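Following: one structure in structure tokens, then a few remarks.
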Amino acid sequence: MRSYILLFISIALVNNFILAKFLGLCPFIGVSKRRKQAVGMGLAVIFVMTMASAASWAVYRFLLAPTGHNIFYVLLGDGRPVSDFDFTFLNTIVFILVIAVLVQLVEMFLMKVIPPLYESLGIYLPLITTNCAVLGVALLNIKDFGAVHGLAESFAKTVLQGFGGGVGFLIVIFLMSGIRERLDQMEVPPALRGAPMAFICAGLMALAFMGFAGMGQ
Amino acid sequence: MIAPVIILGFLGLLFGVGLYIASRVFRVSVDTRIERVERALPGSNCGACGLAGCHGLAKAIVHGSAEVTACIPGGERVAHLVADIMGVEAKVVEKKVAILRCQGREVADRFIYEGILTCQAASLVHGGPKECRFGCIGFGDCARACPFDALHMVNGFPEVDEGRCVSCGKCVAACPKGLFELVTLSKLVHVRCVSTDAGKAVRKVCRVGCIACRRCEAVCEFDAVRIENNLAVFDYEKCTSCGMCVKECPTGTIMDYRQSRKDLGLWPVKAVTGD
């Protein structure tokens, strides 16, 4: 149990995707202007990251990895070594495919069920497709837990890491949107108004998050 | 060699079918008028309506949050087309044009500027290289911003082609000196200077700048010109474009657009009918 809590804190705060790994910066800057939108985007990312983790884990475990569960090994394996069924070189392209499909699905779902959120996310929802944090979490999962022996444990940790990554994203984008809403009221020198000031704030936030470094794993 | 093809093909098929089913389950019926209105709009996505592109405006019109006349570049013609689709009557839209509030063509440079050749960048360096802090820098940000090819740089100075101008307001946003203003076409007389320097200082750097001599103020019968902060300012509500101040202005700062608009066939403004 302790290792699960540590894992969650580690991915959400210590190894935060935005401020420690510097992944997913496009939506971080693009959708952090208003708090409401930021929360919407954060929730969408949590959902997509969790789903993508689960889906990519399943694809990896049962299609790509050279393990006893590989479908091809089970069906065509008779007598041949398991290492013949190593398709891990397809990781990246298959994960991109999985994520793209998931985002499409989320988009359709939101359009039907929560139109106001769909409207406010606008172009950024399709952009989750190219959000490297999502691909990053999928690849990171494989690296961290791909080789864990127990199926249940491997799956649980993978999904938790995806969920935690999304939560970390939500926390940071929400903090950032609060800062930027305040910034709008401030008198910023014309040369720094808008994106430059946001970048400076993001840099300071990253410094602050570096304070977590060394905690846990 | 064959394995990746099989794996990706299998996944592609699976996802394709899955998405097809999902699109059936989550189908949202879209109002067909949105598409028709969007087709009637100019489609240049200029943003003059204040919404994100023509699609955004089409949606807003259909949902009732924008007027059918909201497309400024489209003017009367588009307003009528849209009104037809929406089944309402279009109200009168008065055409506007962009006026350049400077004619300091021959203002000398204060220093040699060697930075990026845009007005935006140049204006950050001590307010630009020109002797006049208020006037046109002349690097053509406005001409580049104009999506309708209505602004041209002629000898390093912008000229508005009023026949093409649709008052989208891109130049207003692009000019770091704020020299453009959108004014109704029926107003023919404009002050082409924004300098609030004292007359003497203006005279030193520019032959055609406003020196706040107050002669326009004195000659105006309609009380439509005022000197505020060393600058002649028009009250267009009162101005009748009679042209008395144009004759009186010693520097030629106040300009009459009557003849040029006549030549272009823009004036007299044709009466716009509402139906």
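Values quoted throughout were computed directly from the atomic coordinates according to the rules given, and no laboratory measurement underlies them. Source: prediction; values computed, not measured. Using ideal geometry, Cβ is built from the backbone for each residue, glycine included, and neighbour counts are taken over all protein chains shown.
Worth a mention:
- Mean-position separation - Cα centroids, the range B:1-53 and the range A:87-136, in angstrom: 13 Å
- What the Cα atoms of chain A give is an Rg and a Dmax of 19.3, 73 Å.
- Cα-Cα P(r), the protein assembly as shown, percent of pairs per 10 Å interval: 4, 14, 18, 18, 16, 13, 9, 5, 2, 1, 0
- Other protein chain Cβ atoms within 10 Å, averaged over every residue that makes up A:101-109: 4
- Couplings 3J(HN,Hα) for the range A:160-165, derived from phi with the Karplus relation 6.51 cos²θ - 1.76 cosθ + 1.60 (θ = phi - 60°), are 5, 5, x, 4, x, x Hz, where x marks Gly and Pro.
- Annotation: the range B:10-54 has a Kirkwood hydrodynamic radius of 13.5 angstrom, from the mean reciprocal C-alpha pair distance.
- Amide H contacts under 5 Å for B:ARG192, placed H, 5+ residues apart: B:ILE254, B:MET255
- Calculated P(r) tail over 12 Å for the range B:68-115, as whole % of Cα pairs: 70 percent
- In straight-distance terms, cross-link reach from A:LYS143 covers every one of the lysines whose alpha-carbon lies under 24 Å from its own, apart from those fewer than eight places away in the same chain; here that gives A:LYS21, A:LYS157.
- Span-like helix ranges in chain B, DSSP H, alpha carbon extent 27 angstrom or more, Kyte mean at least 1.0: B:2-25
- Pairs of Cα atoms nearer than 8 Å and 6+ residues apart set the relative contact order; for chain A it is 42 percent.
- Shown here for the range B:168-262: GluC sites (Glu not before Pro) in loop regions (DSSP other than H, G, I, E, B) with at most 11 other Cβ atoms within 10 Å, namely B:GLU221, B:GLU237.
- Candidates A:LEU102, A:PRO126, A:ALA156 compared by Cα position along the dipole of the range A:72-160: farthest toward the positive end lies A:PRO126, with charges placed on Cβ.
- The range B:50-102: trypsin sites (Lys or Arg not before Pro) in DSSP loop, at most 16 other beta carbons within 10 Å: B:LYS91
- Test item: Cα-centred dipole of the protein assembly as shown, Lys/Arg +1 and Asp/Glu -1 on Cβ, debye: 580 debye
- Mean per-residue shielding of peptide A:41-50 is 0, counting Cβ atoms of other chains within 10 Å of each Cβ.
- Degrees, to the nearest 10: A:91-113 long Cα axis against longest axis of chain A: 60 degrees
- Rounded to the nearest whole Hz, the Karplus-based 3J(HN,Hα) values (6.51 cos²θ - 1.76 cosθ + 1.60, θ = phi - 60°) of the range B:209-223 follow the sequence x, 6, 9, 6, 7, 6, 6, 5, 4, 6, 7, 5, 7, 9, 6, with x at glycine and proline.
- Take A:179-190, A:91-102 and order them by the average number of nearby Cβ atoms within 10 Å per residue, most first; the result is A:91-102, A:179-190.
- Evaluated over the Cα positions of the range B:1-132, the convex hull gives a direction-averaged projected area, one quarter of its surface, of 16.9 nm².
- Nearest-ten-degree value, helix A:195-210 long axis tilted from longest Cα axis of chain A: 60 degrees
- Amide hydrogen proximity for B:GLY104: with H placed 1.01 Å from N in the peptide plane, the residues at 5 or more positions away or on another chain lying under 5 Å are B:CYS136.
- Note on chain B: with charges restricted to the Cβ of Lys and Arg (+1) and Asp and Glu (-1), its dipole about the Cα centre is near 320 debye.
- Inter-part distance, the range B:156-207 to the range B:208-239, computed on C-alpha centroids, equals 16 Å.
- Residue by residue along A:82-92, Cβ atoms of other protein chains within 10 Å of the local Cβ number 1 on average.
- With θ taken as phi - 60° and the Karplus curve 6.51 cos²θ - 1.76 cosθ + 1.60 applied, the whole-hertz 3J(HN,Hα) list for the range A:63-73 is 10, 9, 7, x, 10, x, 8, 4, 4, 5, 5 Hz, x standing for glycine and proline.
- Amide proton proximity set for B:ALA232, modelled H, under 5 Å, gap of 5+: B:ALA212
- Our compactness index for the range A:115-217, the C-alpha radius of gyration over the empirical 2.2 N^0.38 Å, is 1.39.
- Cut-off 19 Å, label 7 Å out along Cα→Cβ of B:GLU248, residues of the range B:200-222 by amide N: B:209-222
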